[in-house]
1. Rank these by accessible area, largest first, 1.4 Å probe: T535, T805, T53.
2. Over what distance in Å are the Cα centres of the stretch 86-164 and the stretch 611-678 separated?
3. Can you give me the long-range amide H partners of G127? Hydrogens built in the peptide plane at 1.01 Å from N, cutoff under 5 Å, separation of 5 or more residues or another chain.
4. Can you tell me what share of the DSSP beta bridges in the stretch 727-807 is antiparallel? A percent to the nearest 5 is fine.
5. Of K80/K312; K402/K586; K254/K312; K254/K286; K152/K563, which sit over 30 Å apart, Cα to Cα?
6. Roughly how many nanometres apart are two label points built 7 Å out from the Cα toward the Cβ at R393 and L546?
7. With all protein chains present, how much of the accessible area of the stretch 727-807 (probe radius 1.4 Å) comes from carbon and sulfur, to the nearest whole percent?
8. Counting only other residues whose beta carbon sits under 14 Å from that of P28, what net charge do I get with K and R as +1, D and E as -1?
Amino acid sequence: MYCFVTYSKGKTPRRPGHKKASTIDKDPVGVYCRIRPLGTEDEECCVEMISSTTIQLHAPDGLKANRNGEYKETQYSFKKVFGINTTQIELFEDVAKPLVEDLIHCKNGLLFTYGVTGSGKTYTMTGSPGEGGLLPRSLDMLFNSIGPFQAKRFVFKPDDKNGMEIQNQVDALLERQKRDSQQTVPKTPSSKQRADPEIADMISSEASCKSENVDEDCCYSVFVSYIEVYNNYIYDLLEGAPFDPIRPKPPQSKILREDQNHTMYVAGCTEVEVKSTEEAFEVFWKGQKKRRIANTQLNRESSRSHSVFTVKLAQAPLDADGDHILQDKYQVNVSQLCLVDLAGSERTNRTRAEGSRLREAGNINQSLMTLRTCIEVLRENQMCGTNKMVPYRDSKVTHLFKNYFDGEGKVRMIVCVNPKADDYDETMLVMRFAEMTQEVEVARPVDRPICGLTPGRRYRNQAFRDELTRRLEERGGPSNADDPVLLAQLIESLPALPPSELVDAADDQTLPCLIEVLERRHHIRQMMTEQFNKTANTLKSMLQQLDSQLSAKETFLHDQRSKLGEKDKIICSQTSEIERLEKKSKTLEYKIDILQKTTEMYEQDKRSLQHELETREQRLQRELTDRRRMEQCMQGMVTDAKLKWEKECERRVNAKQLEMQNKLWVKDEKLKQLKAIVTESKKPERPSRERDRNIAQKRSASPPPRSMALPVHPMHRRSHSAGGEKWVDHKPASNLDLDTVMQPIIPNAIKVSTPNEKALSKCHKYVLRHQELASDGEIETKLIKGDVFKTRGGGQAVQFTDIETLKQECPTAPRKRSTCVDNLEPWGNKAYQIGVLCSTVCHLTILEVKKSLGSTHEHISHVIGNTLTDHFLCLNLSKMNSKKVRSAGLSMFLTVFSQFYTSSVVITEE
């Protein structure tokens with residue numbers, strides 16, 4: 001009966017349940033810094049290593065100084081700083097070796113490199129031929145430590161739920177035969193195959209190391225997996241998808257899941273069991289060839305994805321005899337070490353990325369920003385005591401490593417720095433992130449469970465087997481000398497001894513019988529001795545004969561061995577030559593592969609550039625076509641506009657000529673009237689007033705003209721204006737401001753300087769104030785009154801009914817006697833008055849036409865004609881009894897009508 005301390009069912013070890021914060025031991029995240037050598041000696045350096053734990057950043061020459069005129073120098077501290085002369089083995093001893101030892105002792109670990117693009121992250125993790133990085137050295141140390149204690153293949157079998165199952169020797173043998181028979185399943189690399197020369201040179205035998213504290217009472221198996229996070233999607237780099245040259249299928253992305261212990265893992269990821277460092281690194285190299293890399297302005301082989309290489313170690317104790325693995329699945333412990341090569345952060349204005357490269361850079365920067373945010377929230381929760389939710393799910397990288405930051409293992413980060421001045425700004429951001437990461441504490445993982453079996457089982461079993469083998473070799477066969485069964489048979493073949501008890505001293509029969517039996521036994525023994533000696537002599541002679549024959553054979557064998565040695569030397573020389581040629585062939589194949597990838601990238605860039613050139617040529621062709629079409633359209637528009645403006649100019653010139661002709665005609669008429677007045681004033685005789693009255697009555701049947709003299713009571717004449725009716729008081733802006741002199745006071749009046757439809761629609765009466773210079777040199781004001789009524793076109797019309805003259809005269813001055821010129825003077829100025837009235841009529845008509853612009857052109861012309869006729873008939877020309885005045889008024893009306901016609905044409909065109 002055995003006593004065991006049970007653990008989880010083949011799962012990754014997990015810390016116990018929730019404890020108080022004060023009782024949980026925590027360790028800060030270990031952050032290391034490695035400085036890459038400069039590319040050339042003349043490059044400007046902005047990073048200086050002050051001590052083994054501190055570096056200092058200097059601002060480059062092109063950077064602006066601070067307010068004091070000094071350049072700012074910043075210092076940052078790390079757990080350890082590795083300079084430009086640090087070797088890979090020194091870095092491994094301080095950073096990765098403790099994690100490998102924890103892996104052997106059932107503890108998890110996470111190691112990732114962080115930095116800008118081209119800072120040496122991939123070199124630090126992978127290395128180069130002759131200078132292996134952290135990954136191959138970790139694998140070498142692991143297999144050097146557990147090599148003698150590894151289980152056979154397929155004894156440990158991964159399940160689909162991030163666990164590990166254990167099989168007996170028979171099931172494992174059947175599984176191996178089944179895998180070998182299936183061609184579709186990728187075979188596990190065999191350790192008996194010759195290793196790749198380039199991979200074999202990664203680590204020299206002098207630089208190999210091992211862990212001393214390995215539990216010899218356990219059996220171990222190593223499983224590796226390799227994934228990449230590209231554009232926030234997870235892809236399996238070890239997945240052996242069938243190749244279809246006709247329809248190549250893109251790789252399928254994987255999803256993250258959580259097992260029963262709340263540990264995150266990649267579902268459906270390929271896990272390969274390996275038995276040596278060469279096998280493990282060959283699997284890694286197989287996945288490395290599938291990883292996405294590209295050429296950028298800053299790095300020739302820039303990683304476009306985050307890679308995660310996971311080393312999973314399964315171990316189970318031996319049974320009590322120390323011969324076979326304990327068939328108890330609850331005793332299987334699984335630990336893992338994740339080696340992460342993060343893609344470098346980059347600025348697109350420096351890399352000049354476009355298309356897919358721009359998208360890759362955006363996703364890389366976004367995932368690194370999410371990692372920074374998670375670290376900030378963890379730091380804030382630990383330092384301020386808050387309980388904010390950490391956004392692990394915003395990125396696949398942080399979601400995959402969530403358990404490590406929650407206390408599932410140690411976390412180590414190597415910050416790679418490129419000291420050149422061009423990366424100063426990005427290096428400052430990396431340093432700030434590293435400084436903040438050091439302040440985050442992670443719970444310390446618990447130790448592995450202790451098995452209740454007796455330690456040293458394997459050693460005792462091995463010692464017993466070695467001793468048994470030694471004895472068999474010494475005796476030339478089975479060692480049966482001490483066998484009790486053979487001794488019993490030998491004793492039974494001898495005569496039986498009689499009873500030897502002496503009852504009486506005088507007994508003389510017992511001793512003779514005993515002596516007789518002993519003598520017979522002695523005789524038998526002598527016979528057996530003689531037979532044995534005879535047989536021995538025969539055997540000795542045979543051995544001597546065989547010895548002589550053996551000497552002859554040995555001489556012959558010696559001769560053959562000397563010949564074989566010579567043949568071996570020849571074979572060794574040929575083998576070394578073959579290995580050298582194979583290594584050279586592998587190197588050339590690797591170079592050819594790199595050149596092919598570079599050629600494919602250049603061809604892809606060439607195709608993209610050709611496509612872009614064709615696109616730009618098509619776009620340029622379209623722009624040229626559009627420009628020609630636009631030029632034709634503009635030429636047509638310019639031609640149309642030119643014809644339109646030529647017609648407009650011709651029309652305006654004709655209108656201006658007509659206007660000038662009308663003005664000349666009016667001036668001629670005025671001169672003729674003046675000439676006629678002057679001629680009449682020079683006549684020697686003046687007919688009598690009765691004769692003139694009779695002549696006037698004979699010539700015209702119209703009523704006599706009313707006197708234009710000022711009334712005796714002016715207020716009586718303005719009494720009509722003082723009623724309750726509303727008036728439109730039209731006072732032109734050209735009139736003089738006489739204040740209250742000869743200015744009527746009209747209540748309820750709307751004063752306007754220009755008549756408009758709105759004012760006329762609100763009033764019933766209309767009055768126009770007109771000022772002129774009288775014959776005696778005084779200013780007189782004339783009030784031209786009229787009634788407002790609606791027209792057929794929907795506008796407003798004014799019918800003039802009265803003219804009132806306001807004039808200042810001295811009552812004591814002698815009145816001159818009226819002459820024909822004086823009688824004609826008031827009516828002689830009526831031509832001007834008619835012109836003013838006609839101008840007002842035309843202005844009102846234009847207002848009405850503008851109101852009717854929504855109608856068609858035929859309706860507008862109809863409205864113009866009807867409105868003008870209505871306004872003209874309202875002038876009441878019957879009051880003008882002078883033929884000259886009527887002629888002057890008619891000519892003035894024709895002039896205004898021509899102006900109005902020109903304006904109406906313009907309105908119609910608008």
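1. Numbers: T535 75, T805 20, T53 50 Å².
Most to least solvent-accessible, the answer reads T535, T53, T805.
2. The distance from the Cα centre of the stretch 86-164 to that of the stretch 611-678 comes to 87 Å.
3. The list, which skips near neighbours in sequence, is G133.
4. Numbers: 19 of 27 bridges.
Taking every DSSP beta bridge with both residues in the stretch 727-807, the antiparallel ones total about 70 percent.
5. Numbers: K80/K312 28 Å; K402/K586 40 Å; K254/K312 19 Å; K254/K286 19 Å; K152/K563 39 Å.
Long pairs (Cα-Cα over 30 Å): K402/K586; K152/K563.
6. 8.0 nm
7. On the way: 2000 of 3950 Å².
On the stretch 727-807, the fraction of accessible area on carbon and sulfur atoms equals 51 percent.
8. Numbers: positive: K26, K79, K80, R379, K410, R412, R444; negative: D25, D27, E435, E439, E441.
It works out to a net charge of +2.
The values are calculated or read from the model by the stated rules, or taken from the named source; none is laboratory data. Predicted model only: the values in this text are computed from it and were never measured. Every residue, glycine among them, receives a Cβ derived from its backbone with ideal geometry; neighbour counts consider all protein chains shown. Just so you know, the surface numbers come from the protein's heavy atoms only, side chains and all, with ligands and any DNA or RNA stripped out. Shrake-Rupley method; radii C 1.70, N 1.55, O 1.52, S 1.80 Å.
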